[in-house]
Amino acid sequence: MKKHNVLKVIGIAFLVLAVLTWIIPAGSYSSGSYVKSGTMPFGIFDFTRIPLIAITNLVQYSLVLLVIGGFYGVLNKTGVYTSLVDKVVKKFSKKEKKFLVLSILVFAMLSSVVGTNFAILILVPFMVAVIMLLGYSKLVAMLSTIGAMLTGTLAAICNTEIFTVFAQYLTLDLTKNILVNIVFFVIVIVLYILLVLAISKNEKIVTKEKKATAKSTKATKTVKETKTTSKKTTKAETKAKKDVITVKEETKEEREILFYDAKAVNKKKSFVPLTVILCIILLISFVAMFNWPTLLKMTFFDEIYESVIGIKVGDYTLIKNILGTLTPFGYWTNYEFIMFILLCIPFIAWLYNVKFDDVIDGFASGAKKLAKPAIYVLLANLLYAAMYSTSTGDNIFYTIIHFFLGLSEKFNAIVVGSITLIGGFIFSDFSALASTMATPITSVYASTNMYPIIAFIMQSIYGLLMFIAPSSMLLIVGLTCFDISYGKWLKTIWKYLLKVFIVIILVLIILSMFV
């Protein structure tokens with residue numbers, strides 16, 4: 001079962017939830033008041049029905065991973081992707097730590113400012129290839145990419161997935177807590193960079209030959225410096241031989257790099273066009289998936305959309321019928337992102353003269369590499385699917401919310417934090433958690449002055465939990481892609497999470513002083 005460590009964690013969490021449905025009655029909120037419904041326990045057939053619900057309603061996340069895998073599989077067929085990676089590796093060959101910091105800042109900033117984490121995943125394979133070719137382990141690669149995304153979500157500044165929810169349910173705009181969020185982001189990211197740099201010192205993987213050469217050189221230098229006495233010389237020589245003998249050879253698992261094929265090199269063609277295309281893909285994806293109308297009150301893209309989609313040939317709406325159901329920039333979801341990437345693949349293949357059969361083979365092999373994470377992402381949504389598996393929509397989480405809100409008549413940060421903590425273990429999507437909590441919390445805490453504090457509690461506690469919760473899709477993707485055990489991840493990250501939790505408490509104390 002060691003190989004299925006993550007699967008075991010998800011399974012235990014689901015079983016715990018199943019047992020709780022036999023103990024805790026379900027409930028709902030109607031017109032701001034709690035309505036008790038009675039127990040709705042999971043039965044035998046629910047253990048097959050709920051996974052089917054997850055597949056039906058949440059398959060988009062798996063599809064994103066499969067398409068990203070297929071995309072990189074085709075990139076390898078161009079022969080220039082490898083050249084691009086090698087070029088970046090060469091540029092940072094003596095600046096490894098700088099690249100780690102750069103990677104952390106890129107992913108953290110994108111996640112904090114833009115959001116749309118599953119779209120950001122398209123950058124991960126490229127950055128991971130560079131990091132591992134620079135000599136770092138899979139653990140460092142995960143920390144510097146997906147871990148940085150989790151950090152950015154934790155300390156979100158204007159993350160579209162988080163702040164759109166706050167605008168809808170708490171009527172908060174981006175100006176609320178903006179300075180606090182920026183300062184919090186800086187503190188959190190500095191702590192995280194220090195953590196990764198400290199870990200990277202012991203996670204540097206080198207080949208046997210390089211390691212032996214380095215140790216031999218060091219030992220030889222020691223020998224020369226101690227020639228004054230034959231006794232010291234003998235000891236140094238003995239140490240030199242011992243160093244060479246005890247060198248550990250790198251394992252295949254440690255050096256297996258996703259989507260990087262050293263043999264797939266085409267030096268006849270330039271990687272510059274591919275670089276430009278990749279930058280354009282990223283730019284369009286991030287712009288299209290950021291909620292401009294809600295967060296910044298910008299309707300520019302809506303106006304362009306209406307003018308283009310309304311083009312007619314006679315009475316025939318040509319563009320609209322060709323494109324089908326396409327939303328304007330600002331409203332794109334994972335489905336539009338998937339289609340956009342699929343449309344880019346044939347263009348890249350045409351540009352680099354990749355044959356049709358090679359495109360199909362490359363896409364299939366690339367998607368296959370992310371098949372396991374795609375399956376595990378669905379499993380991470382089991383608890384979320386279970387909450388909405390009833391026909392009435394009643395669930396035990398509403399009862400849990402009602403219980404905690406009844407513990408204090410006045411606003412209590414511990415109560416809101418506890419509800420978010422429990423909900424984070426269940427809900428894989430922040431917007432679903434926030435919408436579930438919104439009605440009960442706003443009905444009990446009517447004062448809007450407390451909403452900025454409530455928003456910060458929900459954002460920070462949920463973000464903190466996503467580092468460890470089995471419902472965290474990004475975490476599950478990272479652990480399965482890099483073959484890192486859940487236990488090893490906890491040992492790596494717990495001290496950092498404790499420090500951040502202390503920072504959260506201090507921020508809340510400061511915020512409460514101005515309410």
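Could you tell me which residue out of 447, 413, 144 lies farthest along the dipole of the chain toward its positive end? Charges go on the beta carbon: Lys and Arg +1, Asp and Glu -1, centred on the Cα centre. Comparing the listed Cα positions along the dipole, 144 ranks first. Distance check, please: which entries in 263/491; 138/499; 138/297; 98/355 exceed 31 angstrom between their Cα atoms? From 263/491; 138/499; 138/297; 98/355, over 31 Å: 263/491; 138/297; 98/355. Think of the chain as having a plus end and a minus end, set by charges on the Cβ of Lys, Arg, Asp and Glu; of 100, 292, 120, 100 sits farthest toward the positive end of this dipole. This ranking places 279, 481, 344 by how few other beta-carbon atoms lie within 10 Å of each, fewest first, which gives 279, 344, 481. Backbone geometry of segment 26-32 corresponds, through the Karplus equation with coefficients 6.51, -1.76 and 1.60 at θ = phi - 60°, to 3J(HN,Hα) couplings of 7, x, 7, 10, 10, 6, x Hz, x marking Gly and Pro.
Can you give the charge dipole size of the chain about its Cα centre, rounded to the nearest 20 debye, using +1 on the beta carbon of Lys and Arg and -1 on the beta carbon of Asp and Glu?
Details: 50 positive and 28 negative charges, 741 e Å.
The dipole of the chain has a size of about 3560 debye.
Computed packing ranks the peptides 451-464, 142-155, 286-299 as 142-155, 451-464, 286-299, most packed first, by mean other Cβ atoms within 10 Å. Quick one: net charge of residue 265's neighbours, Cβ under 13 Å, K/R +1, D/E -1? Once all neighbours under 13 Å are counted, the net charge is +4. Oblate is the label for segment 362-515. Its Cα gyration tensor axes, ordered a ≥ b ≥ c, give a/c of at least 1.5 and b/c at or above a/b. Between 477, 311, 85, the Cα set farthest toward the positive side of the dipole of the chain (charges on each charged residue's Cβ, about the Cα centre) is that of 85.
Listed from fewest to most Cβ neighbours within 10 Å, the set 489, 350 follows the order 350, 489.
Evaluate the charge dipole of segment 58-193 about its Cα centre and quote only its size in Debye, nearest 20, assuming +1 on the Cβ of each Lys and Arg and -1 on the Cβ of each Asp and Glu.
Taking the Cα centre of segment 58-193 as origin, the dipole is about 620 debye.
In segment 94-155, which trypsin sites (Lys or Arg not before Pro) fall in coil by DSSP and have 13 or fewer other Cβ atoms within 10 Å? Those that pass, being in a loop and sparsely packed, are 94, 95. Panel order for 504, 375, by other beta carbons found within 10 Å of each beta carbon, from fewest to most: 375, 504.
The residues neighbouring residue 375, those whose beta-carbon lies less than 13 Å from its own, together hold a net charge of +3 under the Lys/Arg +1, Asp/Glu -1 convention.
Every read-out reported here was derived from the displayed coordinates using simple, explicitly stated rules and does not represent laboratory data. These numbers were taken from a predicted model, which means no experiment stands behind them. FYI the Cβ positions are ideal-geometry reconstructions off the backbone, even for glycines, and counts take in every protein chain you see.
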